[in-house]
Amino acid sequence: MVHVEIRIYGGIGEIGGNKIVVSSNDGKAIILDFGKSFSREDAFFQHPYMPPSLPEDYFKTGLLPPTEGPEWRLADRETLGLIISHAHLDHWGYLPLVHSDTKIWMGSASYDIIKAYRDLRSDLKRLDEFQVRTFRTGDQLSLGEFTILPIHVDHSIPGAYGFIVECCGRKLVYTGDIRMHGPKAEMTMEFIDKASSEDIDLLIMEATKVAPENDPESSLVRILENRIWYRWGKEPPKRVHFEVKTEEEVREKMLYVLERSSSLALVEISTADVDRLRTAFNVARSLGREPILDERTAFLSHRLGRSGIKGLPQVGSYRVWRRRRGKGGIEVKYGVREPKAIKEFLLGIEDKMGPESVVWGDARAEILKEPESYVVITNNATRFLYEIPLGIKPPITFIMSRSEPFSEESALSLDRLLNWLMMYDVRRYYRIHVSGHLSPEQIGEVIEAINPRKVMPIHTEHPDLFDVYVPSRMSNLIHLPRLGEPFRVGDN
Ligand SMILES: [Zn+2]
């Protein structure tokens with residue numbers, strides 16, 4: 001008899017790194033997501049000094065199942081397609097490792113975002129060798145016996161999808177990353193409605209927010225704050241945390257904080273979180289402050305605008321904070337190893353808006369003389385602080401507004417950030433943020449609505465706590481997957 005089996009190679013006991021192999025016993029398979037495992041990678045390697053550099057490095061540490069040859073492919077199955085849910089690295093970051101004959105599918109916005117990354121990073125050049133096909137919601141992919149329905153969902157990056165996969169009379173749902181409180185919540189609802197109308201054997205669902213305490217960040221922050229006490233002999237900056245539930249509340253709180261500030265506003269957002277970018281940008285405009293975007297945020301915004309995403313900051317409506325480059329001990333406008341795409345983008349802006357639209361060199365000090373006139377929006381606040389010229393100490397109101405889940409690796413960068421904030425005498429900063437993920441309570445609602453025969457948590461550090469949020473009459477449906485362990489769909 002034909003059967004369908006899944007094996008999961010990442011995202012178990014960790015946030016991200018999802019890789020789900022769905023196979024039938026005629027030797028064919030599809031793969032859902034091919035994410036980079038940040039925490040597992042950090043456990044064994046260090047960037048940039050000791051990164052994984054050969055394929056075997058990934059195999060011996062269990063980051064990928066072993067395969068022959070330098071390019072990765074499933075050893076015991078023919079892969080009909082590799083399908084990416086959205087453009088966060090923890091869902092696609094290992095793509096450059098796969099065999100170049102792998103057929104790759106993703107939503108068109110995801111492809112645009114990934115191409116923009118490729119133009120900024122030399123380690124992604126291999127992506128040019130792949131044939132990528134794109135889909136939109138409503139499409140149906142037929143790969144051998146597999147039928148895959150991609151359905152749009154709301155998440156902290158545009159163009160995210162969940163999937164309903166059917167093969168040989170079995171059906172499974174994979175949520176990817178989803179939220180129900182974002183500006184496009186109705187898309188997530190459409191996905192859940194569609195999944196609810198089907199007879200689902202297995203639901204593989206994201207459980208990012210399942211954790212012993214609601215804000216896993218806070219305990220790490222405490223430790224870092226202690227280190228600041230020891231290092232500086234002074235009180236660390238106080239963290240003012242606003243509980244918010246929707247993007248609209250993020251806007252209200254940002255406005256609330258900045259209305260009463262005459263300092264330079266510095267807002268850190270996640271890369272490609274277009275909702276947050278729009279929010280911060282609109283807050284700046286409504287306060288009559290000029291927005292300054294760091295060059296990478298501006299570049300990505302430009303690319304995404306070009307690919308049809310609406311309401312993003314247009315070239316001409318902001319200035320660009322140039323990433324600092326040094327040569328022979330002085331700052332230069334363009335370094336030697338400059339990504340061509342960035343250089344062209346900046347030259348294009350200057351052509352259109354004049355040289356003062358790109359801030360670098362002496363112009364930095366000019367801007368910082370009028371701190372109350374600007375809002376700096378960046379995906380790397382630490383870098384901005386370090387690029388402030390010597391001898392200038394602008395008053396700063398810092399808002400931390402990243403929406404990605406917190407990891408150990410980001411703890412190190414948070415430590416650096418706190419030190420730079422100390423350097424500029426920032427005595428308090430604001431945490432205003434709404435997650436890109438389902439709240440634990442919503443996890444229960446989704447399971448109830450879809451009503452599957454089995455449910456598996458993925459993309460969480462605490463799968464053992466998943467049962468707390470599953471309706472009690474359904475708790476016998478939970479299966480906690482183990483890395484690489486086969487699970488037959490529909491037979492249990
Ligand atoms: Zn994500």
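The values are calculated or read from the model by the stated rules, or taken from the named source; none is laboratory data. Predicted model, so just to flag it, every value in this text is computed and none were measured. Virtual Cβ from ideal backbone geometry, glycine too; neighbours counted across all protein chains shown.
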Worksheet, complete the sentence: Among strands (runs of 3 or more DSSP E) completely within region 112-186, the ones holding 1 or more residues that are over 25 Å from R303 (Cβ atoms) are 141-143, 146-153, 160-167, 170-174
Worksheet item: Yes or no: A195 in contact (Cβ under 8 Å) with a residue 12 or more places away in the chain and either part of a strand (DSSP E or B) or farther than 26 Å from R453 by Cβ (or both)?
Response: no
Fill in: Members of region 103-121 that are of a type in the set (G, A, S) and without any contact (Cβ under 8 Å) to a residue 60 or more places away in the chain
G107, S110
Worksheet, complete the sentence: Wholly inside region 248-341, strands (runs of 3 or more DSSP E) that include 1 or more residues that are out of contact with any strand residue (DSSP E or B) (no Cβ under 6 Å at 6 or more places or on another chain) and over 22 Å from D119 (Cβ atoms) are 325-327, 330-332
Worksheet item: V4 fails exactly one of the following numbered conditions: (1) β-branched (V, I, T); (2) under 16 Å from G81 (Cβ atoms); (3) surrounded by fewer than 21 Cβ atoms within 10 Å (Cβ to Cβ). What is the number of that condition?
Response: (3)
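Looking at region 143-158, which of the residues that are of a type outside the set (A, V, I, L, M) and away from the ligand (no atom under 11 Å from the Cβ) is nearest to H437 (Cα to Cα)? I'd like the intermediate steps shown before the answer.
First, pick out the residues of region 143-158 that are of a type outside the set (A, V, I, L, M): 144-147, 150, 152, 154-156, 158.
Narrowing the set further to residues that are away from the ligand (no atom under 11 Å from the Cβ) leaves 144-147, 150, 152, 154, 158.
Working: G144: 32, E145: 32, F146: 28, T147: 26, P150: 19, H152: 15, D154: 9, P158: 14 Å.
By that ranking, first place goes to D154.
When only residues in region 57-96 that are away from the ligand (no atom under 16 Å from the Cβ) and hydrophobic (A, V, I, L, M, F, W, C) count, which is farthest from T137 (Cα to Cα)?
So the residue we want is F59.
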Fill in: Residue satisfying all of: in region 216-240; surrounded by 15 or more Cβ atoms within 10 Å (Cβ to Cβ) and not in a helix (DSSP H, G or I); nearest to the chain's Cα centre (by Cα) among these
R239
Worksheet item: Can you name the condition, by its number, that I292 falls short on among (1) surrounded by fewer than 23 Cβ atoms within 10 Å (Cβ to Cβ); (2) of a type outside the set (S, T, N, Q); (3) closer than 18 Å to K369 by Cα; (4) in contact with a Lys or Arg (Cβ under 6 Å, 6 or more places away or on another chain)?
Response: (1)
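Among R416, R431, which is more than 16 Å from the ligand (Cβ to nearest atom), at pLDDT below 95 and surrounded by 19 or more Cβ atoms within 10 Å (Cβ to Cβ)? Spell out the reasoning first.
Values: R416 fails: surrounded by 19 or more Cβ atoms within 10 Å (Cβ to Cβ).
The unique qualifying residue is R431.
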Worksheet item: Can you spot a residue in region 30-41 that is surrounded by 13 or more Cβ atoms within 10 Å (Cβ to Cβ), charged (D, E, K, R) and farther than 23 Å from V132 by Cβ?
Response: yes
